[in-house]
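Data block below; observations after.
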Amino acid sequence: MFCSVVRSLLVAVSLMGLVSGCAVAPREELGGAQRIVARAYSLGADHLATQHYQEAYEALKRGEAHLNAGEYEQARSAFAIADHFARVSIQAAQEEQDRLEKELKAREEAERRRQLEASQEKAATSPAPPQTAQKARAPETRPAPEPPPEPEPEKVSRYDVQEGDTLWLISIRPEVYGDPLLWPVLYRANRDQIKDPRRVYEGQTLEVPRNMTEAELEEAREQARQSEIFPIGQLLPQSSSNK
């Protein structure tokens, strides 16, 4: 009887080891999300594009918590969302920085014109001095070089499904669409091999349609918003869904 119990325990432990070995921790996705969020912070996205940066940061922390808890699928989804919103915050921060620089240049130019007009008016009403000293030219200042833009990933027309992928996670990838709400486009284009949009399998090669009109893209986004397959309130950061 004792030997039988021991054998049962050994079998159970072996099965547990096999199950845990099948789940691969998304360490590479963690590193990628950490790097892109750090880049967004270095470009000032935390104050130039606060909302998008906060969504990226919260998704990253949520993914790290899932990873530590062994919830690898939830962690992978959170890291993909962090990557998406970090890229959005970088673009928004660069646009905001450009706008602020243009405003500063406009104010400086207006101030120079005001000073020139005041100087001309004073010269017109004052007697000319016996000898005018040449006005020293202010040293020319050059703007600091802008950081190189984040290279755009090359768009693909086919995508090989990886372990843990879903149509939501595939469509959010920058080389696919960079927009999670476009997953219905992938589903419609691959109905011959996708029976249930909740399930795609490692090794499948999906067609990625291109050259779609904005109306067709918006129709797909609206379908995704109305669908219960990938509920938006569960997949987007909690701070966004409550707004």
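The values are calculated or read from the model by the stated rules, or taken from the named source; none is laboratory data. What you are looking at is a predicted structure, and each value in this text was computed from that prediction instead of being measured. Heads up: the accessible areas ignore ligands, DNA and RNA and are worked out on the full protein's heavy atoms, side chains in. Shrake-Rupley method; radii C 1.70, N 1.55, O 1.52, S 1.80 Å.
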Just to verify a number: what accessible area does D179 come out at with the full protein assembly present, 1.4 Å probe, Å² rounded to tens? 30 Å²
How much of the accessible area of the range 37-79, in percent, comes from carbon and sulfur atoms when a 1.4 Å probe is used? 47 percent
³J(HN,Hα) across the range 97-110 via Karplus (A = 6.51, B = -1.76, C = 1.60, θ = phi - 60°), whole Hz, x for Gly/Pro? 5, 4, 5, 5, 5, 5, 5, 5, 5, 5, 5, 5, 5, 5
In Å², nearest 10: area of R199 left accessible to a 1.4 Å probe: 130 Å²
